[in-house]
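The values are calculated or read from the model by the stated rules, or taken from the named source; none is laboratory data. Note that this is a predicted model, so its numbers are computed, not measured. Here the Cβ is made from the backbone with ideal geometry for all residues, glycine too, and neighbour counts use every protein chain on show. The accessibility values were calculated without ligands, DNA or RNA, using every heavy atom of the protein model including side chains. Shrake-Rupley method; radii C 1.70, N 1.55, O 1.52, S 1.80 Å.
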Amino acid sequence: MGIDYVDLVFQLEKRFEVRIGRGEGPDLSVEAFRELTAGDVHEWMVGLLKKRGREAPWSSWNRVRAAIGMVAGKSPMEIRRGTRLRGDLKFD
């Protein structure tokens, strides 16, 4: 797990006011991480909130985009659901 991923988890915790424990994040096997998209992160975050009995806020996609943009040094407006964290944004 690279520093970008750790920073992303921190940013998501902050934006959604939730603690994300070890092993609760998206699948980070080498193959899965290579293809992980911003949309996958959003779906995972919505699922985590549901699992904890919380509704995803209406602004959940914008929060995920902001978190990814902060880590990647990009404008959230550049982040699309199909944006690959590793391939397009060079996450490590």
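From the list D4, D40, the one residue that fits, being modelled with pLDDT under 90, within 18 Å of R84 (Cβ to Cβ) and either in a helix (DSSP H, G or I) or among the hydroxyl-bearing types (S, T, Y) (or both), is D4. Within segment 82-90, is there a residue that is assigned to a loop (DSSP other than H, G, I, E, B), open to solvent by less than 20 Å² (accessible area, probe 1.4 Å) and at pLDDT 90 or above? Yes, segment 82-90 has at least one match.
Residues of segment 48-62 that are out of contact with any Phe, Trp or Tyr (no Cβ under 8 Å at 6 or more places or on another chain), surrounded by 13 or more Cβ atoms within 10 Å (Cβ to Cβ) and within 24 Å of R22 (Cβ to Cβ): L48, R54, A56.
Given the structure, is R65 under 14 Å from Q11 (Cα atoms), within 12 Å of the chain's Cα centre (by Cα) and crowded, with 16+ Cβ neighbours inside 10 Å? Talk me through it step by step, then tell me what you get.
On the way: under 14 Å from Q11 (Cα atoms): yes; within 12 Å of the chain's Cα centre (by Cα): yes; crowded, with 16+ Cβ neighbours inside 10 Å: yes.
When the stated conditions are applied, R65 passes them.
Applying a threshold of 6 Å to beta carbon distances and a minimum spacing of six or more residues, or different chains, the list of pairs starting in segment 5-25 at a residue that is within 24 Å of E35 (Cβ to Cβ) and in contact (Cβ under 8 Å) with a residue 60 or more places away in the chain and ending at one that is open to solvent by 60 Å² or more (accessible area, probe 1.4 Å) and hydrophobic (A, V, I, L, M, F, W, C) reads Q11/M70.
Scanning segment 66-81 for residues that are without any contact (Cβ under 8 Å) to a residue 24 or more places away in the chain and not in a loop (DSSP other than H, G, I, E, B) returns G69, P76, M77, E78. Might you check whether a residue that is modelled with pLDDT of 95 or more and part of a helix (DSSP H, G or I) occurs anywhere in segment 15-30? So far as segment 15-30 goes, yes, one or more of its residues are modelled with pLDDT of 95 or more and part of a helix (DSSP H, G or I).
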